[in-house]
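The values are calculated or read from the model by the stated rules, or taken from the named source; none is laboratory data. Values in this document were obtained by computation on a predicted structure and should not be read as measured data. Cβ coordinates were reconstructed from backbone atoms using ideal geometry, including for glycine residues, and neighbour counts include every protein chain displayed.
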């Protein structure tokens, strides 16, 4: 490949390459008879754990393809204590993902605040008609059992952000304009109420 | 020769034509696949896809037999037969075992060379009769290829005939000695190259170059007629492999050739067929002008040189 001197070496090299490949094992996986071993984080299909879903619609709104359909209604939960207030909760009626539109970006899985969506390595859901790729809640829920336990991080890997934040010491009261470069000022007493317009900071 | 023996000989050479190409074809499927890191057919016939070509044959039979409206219909229908029959005739004259060939002709070498040249006529007819521009271009390419490569091939064969002092294939095998491997080496090289070109196989498959002219002369063919063209290509591989074995590798000559002569012939032929497959897998297709250049500037001078070397050897 690299040198371009003469025609004979290239031809001989070609013969040698094919002969060498002949003596080696092929990399073919005979798929229907031999299941592929997929990594745990394979993006095969998105599974729904319906009991975690609060119908908050975040996934449907973040989806770049608008391929998630959610229908829900509010239900009144009677007060459990006498004199208490009736509560309302969302009941999920329909959750569907149109896999003919989905581009497997995984934003819905990332954005779900209640861990209701998971990636599953399952990939055998081809259909003969593109319209049959709109999979409803029961089908999405059936994939949950194929979601593998996520593998532990590599030995030297950085700590998972969620774990790191749990382990960090509780933050003290907020320091206004606080920075490492500045000399520490005496901490103010905790404010009794947040000033207007400074909700989350 | 009794009628029964005649029928037996005819039937055996026909069986050879029908079975050996399939064997070579299956070998090509598997060897090519493994050379490319694949497995090839695995499911037809349960064991490593041994029945793949049988399944292909059944498929070809089921296909509709189409003839284009603008085609020269009689020529179009005749062409596959004309491509195939010459190889049957030539195959019958190849000596397989001491004193055994289906047809024992006195000048069988001339007969074989003449018969193989007719095969290309079938391709030409197919291209002309198809009323398709790609078919016509392919046919003309194959005609040009035939012209360019017939000459070096005949010269290389003539050198062998000169060395053996006979035009009978059986006589050539009798006269063969291991020393010929070196003495006739340039001729063998020329013959093998010309054979690949005559068979229109890669790297000399410009007449049917699918990325350039669809499938050349076979573009309009379907079903059984197309299968006949394919069969004739593989019959051609069998023929030229056996011919190479007979001319340059001593045919049935080898240990125990009184009993195993036929096995030596087929074994050597199979080796050559493997080399033809290997070349196909490894090398890219030449350009049309490169093909002509190779024939006229290299092969013919080498063949002439071989002829001179042989002549010197014979005289000494």
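State all residues of region A:126-137 that are under 23 Å from residue A:40 (Cα atoms) and over 19 Å from the mean Cα position of the chain (by Cα); if no residue qualifies, say none.
Selection gives A:126 alone.
Return the residue satisfying two criteria in turn: it lies in region A:7-29 and is part of a loop (DSSP other than H, G, I, E, B) and at the interface with chain B (Cβ under 7 Å from one of its Cβ atoms), and of such residues it is nearest to residue B:274 (Cα to Cα).
Out of the qualifying residues, it is A:26.
In region B:232-276, which residues are within 14 Å of another protein chain (Cβ to nearest Cβ) and within 12 Å of the chain's Cα centre (by Cα)?
Listed by number, the list holds a single entry, B:276.
When the residues of region B:30-72 are filtered to those that are touching a residue at least 40 places away in the same chain (Cβ under 8 Å) and within 14 Å of chain A (Cβ to nearest Cβ), which remaining residue is nearest to residue B:132 (Cα to Cα)?
Looking at residues that are touching a residue at least 40 places away in the same chain (Cβ under 8 Å) and within 14 Å of chain A (Cβ to nearest Cβ), I get B:32.
What number of residues in region B:294-311 are under 22 Å from the mean Cα position of the chain (by Cα) and over 16 Å from residue B:192 (Cα atoms)?
Number satisfying all stated conditions: 0.
With respect to residue A:142, is the statement that it is in contact with a strand residue (DSSP E or B) (Cβ under 9 Å, 6 or more places away or on another chain) and modelled with pLDDT of 75 or more true?
yes
Matching residues to (1) crowded, with 18+ Cβ neighbours inside 10 Å; (2) at pLDDT below 85:
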residue	(1), (2)
B:35	yes, no
B:46	no, yes
B:52	yes, no
B:56	no, no
B:59	no, no
B:63	no, no
B:71	yes, yes
B:79	yes, no
B:114	no, no
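Is it the case that region A:119-129 has a residue that's surrounded by 13 or more Cβ atoms within 10 Å (Cβ to Cβ), out of contact with any helix residue (DSSP H, G or I) (no Cβ under 7 Å at 6 or more places or on another chain) and within 13 Å of residue A:49 (Cα to Cα)?
no
For residue B:167, which of the numbered conditions (1) free of Cβ contacts under 8 Å to residues at least 12 places away in the same chain; (2) surrounded by 17 or more Cβ atoms within 10 Å (Cβ to Cβ) fails to hold?
Unmet condition: (1).
Can you tell me how many residues in region A:78-90 are part of a strand (DSSP E or B) and surrounded by 11 or more Cβ atoms within 10 Å (Cβ to Cβ)?
Going through region A:78-90 one residue at a time, the tally reaches 3.
Out of all the residues in region B:94-146, which are free of Cβ contacts under 8 Å to residues at least 40 places away in the same chain and in a loop (DSSP other than H, G, I, E, B)?
none
Being touching a helix residue (DSSP H, G or I) at 6+ places or on another chain (Cβ under 9 Å), buried (at least 20 other Cβ atoms within 10 Å of the Cβ) and at pLDDT below 90: is that true of residue B:91 here?
It is true that residue B:91 is touching a helix residue (DSSP H, G or I) at 6+ places or on another chain (Cβ under 9 Å), buried (at least 20 other Cβ atoms within 10 Å of the Cβ) and at pLDDT below 90.
Among residues belonging to region B:169-204 that are closer than 12 Å to residue B:279 by Cα and part of a loop (DSSP other than H, G, I, E, B), point out the one that is modelled with the lowest pLDDT.
Only one residue tops the list, namely B:202.
Among (1) under 21 Å from residue B:102 (Cβ atoms); (2) loosely packed, with under 15 Cβ neighbours inside 10 Å; (3) in contact with a helix residue (DSSP H, G or I) (Cβ under 8 Å, 6 or more places away or on another chain), where does residue B:271 come up short?
Only one criterion in (1) under 21 Å from residue B:102 (Cβ atoms); (2) loosely packed, with under 15 Cβ neighbours inside 10 Å; (3) in contact with a helix residue (DSSP H, G or I) (Cβ under 8 Å, 6 or more places away or on another chain) is unmet by residue B:271, namely (1).
With respect to the numbered conditions (1) assigned to a helix (DSSP H, G or I); (2) in contact with a helix residue (DSSP H, G or I) (Cβ under 6 Å, 6 or more places away or on another chain), which one is the sole condition not fulfilled by residue B:71?
The single condition residue B:71 does not satisfy is (1).
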